[in-house]
Amino acid sequence: MEYYNYIKSLHLIFVITWFAGLFYIVRLFVYQVEAAAKPSPEKEILQKQFKLMAYRLWFIITWPSAVLASIFAFALLYLMPGWLDQGWMHVKLAFVLLLYLYHLKCHQIYRQLQRDEVSYSSNFLRLWNEGATIILFSVVFLVILKNAVDWIFGVVGLISLSVLLMLGFKMYKRIRAKKE
């Protein structure tokens, strides 16, 4: 148990860098999609730069952070096996599974964009970027409040957050349309 706080600290650091990578990679996806619509030579110059930035972010920061966050999480569960008997941990692990599914979908989008295949609009990707935000809010509140969370209140709060994010996205889209 003397290493518990060190392991917990490392877990949190790599969770933070993992989320930072997920937030930024989707922004790079937006920029890549928008660059694909530019005329030459601007298109090729921007695509080359965004591909390099995405590659470095994805394989030097995001993937290693995901793996290290998971390794330290398993170490914490090894030290505190009683957590696996608690309901909040089951819900947290479901959100972690959802986070990995989100991460894998981002990996699929990353690979497509590296091949210059544009399958999604920049608006879709802006909206997709909010998925990580919703997961982050859910996990942080769940871990901090644990059993004190009223599940109905938590679900209503998550739905409210999602609605606010959607409204913000629509407002941003209108503002962008006016500027163009």
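The numbers here are math on the coordinates, done by the rules we state, and not lab data. This structure is a prediction, so every number in the text was calculated from the model and none was measured. Using ideal geometry, Cβ is built from the backbone for each residue, glycine included, and neighbour counts are taken over all protein chains shown.
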**Asked** Mind checking which of Gln114, Gln86, Gln32 has the largest fluctuation in a GNM of the chain, springs on alpha carbons under 10 Å?
**Response** Gln86
**Share of pairwise Cα separations in region 1-84, more than 22 Å, in percent** = 44
**Message:** Give the residue list of chymotrypsin sites (Phe, Trp or Tyr not before Pro) in region 1-89 that are DSSP loop and have at most 12 other beta-carbon atoms within 10 angstrom.
**Reply:** Tyr3
**Label selected from (1) 107; (2) 117; (3) 161, the criterion being volume of the Cα convex hull per residue in Å³ as computed here** = (2)
**Request:** Would you mind classifying region 37-144 by shape? Square roots of the alpha carbon gyration tensor eigenvalues, ordered a ≥ b ≥ c; an a/c under 1.5 is rounded, otherwise it is prolate if a/b is larger than b/c and oblate if not.
**Result:** prolate
**Message:** Test of understanding: in a Gaussian network model of the chain with alpha carbons linked when under 10 Å, which of Val118, Val30, Val140 would top the mean-square fluctuation ranking?
**Reply:** Val140
